[in-house]
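Undergrad: This is the structure I have questions about; it appears just below.
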């Protein structure tokens, strides 16, 4: 495959640029396509789905791939038996291996054992998820599972829709060797999670028969395997007694493990007497197997009262696992000792610092009865709230309710600790929101996670799911303020993933509900965010009105900054600078590092439009040291783009191209496509000045396609203006006029007056090139008026005199 040839050629010099011509020769040899550089660019774009490839001025550079994910659970140290199944499975060449059988028969243990043995064959990583299709509570959806897989594989932007997720997953696994294990799956859950390509393998466990796949059916242990397990777990006793134990456990591996754990400190004859108890087998039944229930019952009854209470409570845990602190929150006292006792009895599974219950044990614990895990929900709430405040102290959030005393609190004293806790508990927090039902804690938990979701846009699937669940609970309980909050959260999720048209009605509803409740705090937040959506959609008058209303309620630095951003497109630019400087002063006073960085970048952009390039350089010199991973790739790309445009204005075009390509590469892996639009538009202008016009057109067309998809009017104006200048330089005057006219209409309709200056100036150039001198002069004067009104002083100077020879006045 040509993509493999490209990867091989780049990998021969990892981290070093490989010249375009050398790559073309390596891929096609003598049979080059008609336009080899264009074909190479398309191939590189395909490779970028799975590998990071950086564009250099004269070639491409492969960034060595990070190690693939390693998500497999640990193998059982005392795994025994299943020799026939292992031999058959390891000898198979099937790409889907199904391990099926009844509950407790050891499907997961075999799947993990096989996966660990096979893992060396899959250099690009191993993925694991428990779909919980047969568990109590909500199963993991395909969207949730895919979002976790895509994030683990390195995707920065995760689509919300299942079809788009599947398409991206297929792209990312098509040329990789990945081993995927999906545990406890229903038939319909398998297909979306199947990796593409012929180098990957899927192992699936299920309680249902799956004859359409290569299948290993598991039954209970035979007597030899059961005795081997008892040997491994050092169960003493005569052959007759051990055989009776095996019979009473129904030869079921799970029941045998629990029985063996129970026999560590007692004699087998006493245990058998308990297990044979009259009437117990009839009265106590689980999953249709009385023997399993009897084993559970004996082990449970042998525990101290505190451990029994904890076990009952653990059955209510909605997520896939829990920590000692989570167990302590449930119990209301230190849970370390009773949890250790439950692990020793094999009633709780332990891996690292995380704990979980087998599905059958969860069912058994639920049948024993326990109250709803309110204390666990509260534990999640107070810690998610604290961690979220560390990530984003300025974000408006719901207040904390009164909670139970004695809940464990984590020291989220810095951003890394906050992120680590939230990363670990994310799946449990989401499960808690889905399980809490019609309680205020449902929307309180969803709101507490908002700062984390905003920081990590890759979790947008979980974000949307929890916000919708919180919204349903708020509507059922008639809490207008909470309903507004959840609409606002959904709007923010849509905005974060570039779906502005979906975000608009969500914020409009949030604003309407907040006005009903007369709560000015959240109203300012919703109105301000509604203004951002109008700004992204190119409705500048509405955006400015919303920002001014929000500012009248509270003069926060974020609101000041957002109003400045709107005025940078609407004008006047002097006002944009004034508001941004006030936001910067406030951010510095409050020690808001991220706020300071954003404001410095905003000032650099405003001064670029004004034409005060010394001030641009000063702002960029201050902001560049503040660029850090926690601000995300979008911000890094935008700072690089601003530096590239400054170099462009300084006629340092070769340097501008280098920086601009870095901006494009960073933006391509970011969570918001709009940064990519800005970077590609600037790169297109640079390439046009270098007379590489076909490449310029390609960059502007790709930027325009992104904008059309997202309804991003600001970017449409920018991209169409660039395309108009490209086509004018190529002599395609009719096409140039069409592009510029459309850009002018979009700018006029949305009030994008600052950017409209360049659009109208370009129209003047096109008409002059077409010989329409009067029309050209009319547009020049119109552009001059716009430049004066908006404060684009550099353009006032450029437009004062009409070009005498049809030379370009636009950049």
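Conditions (1) more than 40 Å from the chain's Cα centre (by Cα); (2) not assigned by TED's automatic domain parsing to the domain that holds residue 125, marked per residue:
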{"site": "199", "(1), (2)": "no, no"}
{"site": "203", "(1), (2)": "no, no"}
{"site": "233", "(1), (2)": "yes, yes"}
{"site": "245", "(1), (2)": "yes, yes"}
{"site": "251", "(1), (2)": "yes, yes"}
{"site": "257", "(1), (2)": "no, yes"}
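Undergrad: Test residue 736 against the stated conditions and say whether it is assigned to a helix (DSSP H, G or I) and touching a residue at least 40 places away in the same chain (Cβ under 8 Å).
TA: Numbers: assigned to a helix (DSSP H, G or I): yes; touching a residue at least 40 places away in the same chain (Cβ under 8 Å): no.
In short, no.
Undergrad: Now, a different point. With respect to residue 696, determine if the residue is under 24 Å from residue 741 (Cα atoms) and part of a helix (DSSP H, G or I). Spell out how you get there, then give the answer.
TA: Working: under 24 Å from residue 741 (Cα atoms): yes; part of a helix (DSSP H, G or I): yes.
Here the answer is yes, as residue 696 does meet what is asked.
Undergrad: Answer yes if at least one residue in segment 373-392 is farther than 23 Å from residue 524 by Cβ, part of a loop (DSSP other than H, G, I, E, B) and outside the structural domain of residue 526 (by TED's automatic domain parsing), and no otherwise.
TA: Checking segment 373-392: at least one residue is farther than 23 Å from residue 524 by Cβ, part of a loop (DSSP other than H, G, I, E, B) and outside the structural domain of residue 526 (by TED's automatic domain parsing).
Undergrad: Right, something else. Return only the number of the condition from (1) in contact with a helix residue (DSSP H, G or I) (Cβ under 6 Å, 6 or more places away or on another chain); (2) touching a residue at least 40 places away in the same chain (Cβ under 8 Å) that residue 64 does not satisfy.
TA: Answer for residue 64: the failing condition is (1).
Undergrad: For segment 714-723, does any single residue satisfy the condition of being surrounded by fewer than 19 Cβ atoms within 10 Å (Cβ to Cβ) and closer than 16 Å to residue 696 by Cα?
TA: We begin by selecting, within segment 714-723, every residue surrounded by fewer than 19 Cβ atoms within 10 Å (Cβ to Cβ); these are none.
No, segment 714-723 contains no residue that is surrounded by fewer than 19 Cβ atoms within 10 Å (Cβ to Cβ) and closer than 16 Å to residue 696 by Cα.
Undergrad: Among (1) touching a helix residue (DSSP H, G or I) at 6+ places or on another chain (Cβ under 8 Å); (2) surrounded by fewer than 20 Cβ atoms within 10 Å (Cβ to Cβ); (3) not in a loop (DSSP other than H, G, I, E, B), where does residue 188 come up short?
TA: Against the list (1) touching a helix residue (DSSP H, G or I) at 6+ places or on another chain (Cβ under 8 Å); (2) surrounded by fewer than 20 Cβ atoms within 10 Å (Cβ to Cβ); (3) not in a loop (DSSP other than H, G, I, E, B), residue 188 comes up short only on (1).
Undergrad: Further question on the same structure: Among the residues of segment 646-686, how many are without any contact (Cβ under 8 Å) to a residue 40 or more places away in the chain, assigned to a helix (DSSP H, G or I) and over 33 Å from the mean Cα position of the chain (by Cα)?
TA: Adding up the residues that qualify gives 3.
Undergrad: If a residue must be free of Cβ contacts under 8 Å to residues at least 60 places away in the same chain and within 30 Å of the chain's Cα centre (by Cα), how many such residues does segment 595-621 contain?
TA: 11
Undergrad: So if I check each of 299, 243, 269, 323, which one is out of contact with any strand residue (DSSP E or B) (no Cβ under 6 Å at 6 or more places or on another chain), more than 19 Å from residue 371 (Cα to Cα) and modelled with pLDDT under 80?
TA: On the way: 243 fails: modelled with pLDDT under 80; 269 fails: modelled with pLDDT under 80; 323 fails: modelled with pLDDT under 80.
The match here is 299.
Undergrad: If you go through segment 95-139, how many residues are over 16 Å from residue 76 (Cα atoms), touching a residue at least 24 places away in the same chain (Cβ under 8 Å) and outside any strand (DSSP E or B)?
TA: 18
Undergrad: On the given criteria, is residue 346 closer than 30 Å to residue 107 by Cα, buried (at least 21 other Cβ atoms within 10 Å of the Cβ) and touching a helix residue (DSSP H, G or I) at 6+ places or on another chain (Cβ under 9 Å)? Walk me through it before giving the result.
TA: On the way: closer than 30 Å to residue 107 by Cα: yes; buried (at least 21 other Cβ atoms within 10 Å of the Cβ): yes; touching a helix residue (DSSP H, G or I) at 6+ places or on another chain (Cβ under 9 Å): yes.
Yes, satisfied.
Undergrad: Taking the condition of being in contact (Cβ under 8 Å) with a residue 40 or more places away in the chain and touching a strand residue (DSSP E or B) at 6+ places or on another chain (Cβ under 8 Å), how many residues in segment 356-374 meet it? Walk me through it before giving the result.
TA: As a first pass, look at segment 356-374 and keep what is in contact (Cβ under 8 Å) with a residue 40 or more places away in the chain: 357-374.
Within this subset, residues satisfying the condition of being touching a strand residue (DSSP E or B) at 6+ places or on another chain (Cβ under 8 Å) are 357-358, 360, 363-364, 367.
Summing the residues that are in contact (Cβ under 8 Å) with a residue 40 or more places away in the chain and touching a strand residue (DSSP E or B) at 6+ places or on another chain (Cβ under 8 Å) in segment 356-374 gives 6.
Undergrad: Right, next: Does residue 481 count as outside any loop (DSSP other than H, G, I, E, B), more than 18 Å from residue 605 (Cβ to Cβ) and modelled with pLDDT of 90 or more?
TA: Numbers: outside any loop (DSSP other than H, G, I, E, B): yes; more than 18 Å from residue 605 (Cβ to Cβ): yes; modelled with pLDDT of 90 or more: yes.
Yes; evaluated as a whole, the condition is true for this residue.
Undergrad: On to the next question. Does residue 512 fit the bill of being modelled with pLDDT of 90 or more and either under 26 Å from the mean Cα position of the chain (by Cα) or not in a helix (DSSP H, G or I) (or both)?
TA: Details: modelled with pLDDT of 90 or more: yes; either under 26 Å from the mean Cα position of the chain (by Cα) or not in a helix (DSSP H, G or I) (or both): no.
Answer is no for this residue.
Undergrad: Do you know which residues across segment 81-94 are in a loop (DSSP other than H, G, I, E, B) and in contact with a strand residue (DSSP E or B) (Cβ under 6 Å, 6 or more places away or on another chain)? Before you say what the answer is, go through the steps one by one.
TA: Initial filter on segment 81-94 (in a loop (DSSP other than H, G, I, E, B)): 81-82, 92-94.
Result: 92, 94.
Undergrad: Could you check how many residues of segment 444-459 are assigned to a helix (DSSP H, G or I) and surrounded by fewer than 24 Cβ atoms within 10 Å (Cβ to Cβ)?
TA: Restricting attention to segment 444-459, the residues satisfying the condition of being assigned to a helix (DSSP H, G or I) are 444-448, 450-455, 457-459.
Then keep just the ones that are surrounded by fewer than 24 Cβ atoms within 10 Å (Cβ to Cβ); that gives 451, 454-455, 457-458.
Count: 5.
Undergrad: Exactly one condition in (1) assigned to a helix (DSSP H, G or I); (2) modelled with pLDDT under 95; (3) under 24 Å from residue 704 (Cβ atoms) is not met by residue 811; state its number.
TA: (1)
Undergrad: Another one. Mind listing just one residue for me: the one in segment 413-441 that is outside any helix (DSSP H, G or I) and over 22 Å from residue 480 (Cα atoms) and, of those, farthest from the chain's Cα centre (by Cα)? So that I can check it myself, show each step before the final result.
TA: Residues of segment 413-441 that are outside any helix (DSSP H, G or I), as a first pass: 413-414, 437-439.
Keeping just the survivors that are over 22 Å from residue 480 (Cα atoms) gives 413-414.
Values: 413: 24, 414: 21 Å.
Per the stated criteria, the residue is 413.
Undergrad: If I filter segment 515-541 down to residues being part of a helix (DSSP H, G or I), touching a residue at least 12 places away in the same chain (Cβ under 8 Å) and over 29 Å from the mean Cα position of the chain (by Cα), which single residue comes out as surrounded by the most Cβ atoms within 10 Å (Cβ to Cβ)?
TA: Of all residues in segment 515-541, those part of a helix (DSSP H, G or I) come to 515-517, 520-537, 540-541.
Those left that are additionally touching a residue at least 12 places away in the same chain (Cβ under 8 Å): 516-517, 520-537, 540-541.
Going one step further and asking which of them are over 29 Å from the mean Cα position of the chain (by Cα), we end up with 516-517, 520, 540-541.
Numbers: 516: 11, 517: 15, 520: 14, 540: 25, 541: 12.
Looking at residues that are part of a helix (DSSP H, G or I), touching a residue at least 12 places away in the same chain (Cβ under 8 Å) and over 29 Å from the mean Cα position of the chain (by Cα), I get 540.
Undergrad: For residue 618, are the conditions met, namely being more than 24 Å from residue 496 (Cβ to Cβ) and modelled with pLDDT of 95 or more? Talk me through it step by step, then tell me what you get.
TA: Working: more than 24 Å from residue 496 (Cβ to Cβ): yes; modelled with pLDDT of 95 or more: yes.
So residue 618 passes the test.
Undergrad: Let me ask you something else. Looking only at segment 579-634, which residues are out of contact with any helix residue (DSSP H, G or I) (no Cβ under 9 Å at 6 or more places or on another chain) and assigned by TED's automatic domain parsing to the domain that holds residue 677?
TA: Listed by number, the residues that qualify are 621, 625.
Undergrad: OK, next. Which residue out of 749, 714, 708 is part of a helix (DSSP H, G or I) and without any contact (Cβ under 8 Å) to a residue 24 or more places away in the chain? Spell out how you get there, then give the answer.
TA: Numbers: 749 fails: without any contact (Cβ under 8 Å) to a residue 24 or more places away in the chain; 714 fails: without any contact (Cβ under 8 Å) to a residue 24 or more places away in the chain.
None of the others qualify; the one that does is 708.
Undergrad: Take residue 667 and tell me if it is within 24 Å of residue 52 (Cβ to Cβ), out of contact with any strand residue (DSSP E or B) (no Cβ under 9 Å at 6 or more places or on another chain) and surrounded by 24 or more Cβ atoms within 10 Å (Cβ to Cβ). So that I can check it myself, show each step before the final result.
TA: Values: within 24 Å of residue 52 (Cβ to Cβ): yes; out of contact with any strand residue (DSSP E or B) (no Cβ under 9 Å at 6 or more places or on another chain): yes; surrounded by 24 or more Cβ atoms within 10 Å (Cβ to Cβ): yes.
It is true that residue 667 is within 24 Å of residue 52 (Cβ to Cβ), out of contact with any strand residue (DSSP E or B) (no Cβ under 9 Å at 6 or more places or on another chain) and surrounded by 24 or more Cβ atoms within 10 Å (Cβ to Cβ).
Undergrad: Could you list, in sequence order, the residues of segment 165-185 that are part of a loop (DSSP other than H, G, I, E, B) and surrounded by fewer than 19 Cβ atoms within 10 Å (Cβ to Cβ)? Show your work before the answer.
TA: Restricting attention to segment 165-185, the residues satisfying the condition of being part of a loop (DSSP other than H, G, I, E, B) are 174-178, 184-185.
The answer is 174, 177.
Undergrad: Among the residues of segment 73-80, are any touching a strand residue (DSSP E or B) at 6+ places or on another chain (Cβ under 9 Å) and surrounded by fewer than 17 Cβ atoms within 10 Å (Cβ to Cβ)? Walk me through how you get there before you give the answer.
TA: Keep residues of segment 73-80 that are touching a strand residue (DSSP E or B) at 6+ places or on another chain (Cβ under 9 Å), which gives 73-74.
Filter once more, so that each one left must be surrounded by fewer than 17 Cβ atoms within 10 Å (Cβ to Cβ): 74.
Yes: segment 73-80 contains one or more residues that are touching a strand residue (DSSP E or B) at 6+ places or on another chain (Cβ under 9 Å) and surrounded by fewer than 17 Cβ atoms within 10 Å (Cβ to Cβ).
Undergrad: Which one of these does residue 407 not meet: (1) without any contact (Cβ under 8 Å) to a residue 60 or more places away in the chain; (2) over 28 Å from the mean Cα position of the chain (by Cα); (3) on the phi < 0 side of the Ramachandran plot?
TA: Going through the list (1) without any contact (Cβ under 8 Å) to a residue 60 or more places away in the chain; (2) over 28 Å from the mean Cα position of the chain (by Cα); (3) on the phi < 0 side of the Ramachandran plot, residue 407 breaks only (1).
The values are calculated or read from the model by the stated rules, or taken from the named source; none is laboratory data. Remember, it's a predicted structure, so these values are computed and weren't measured experimentally. Glycine gets a Cβ as well: all are built from the backbone with ideal geometry, and neighbour counts include every protein chain shown.
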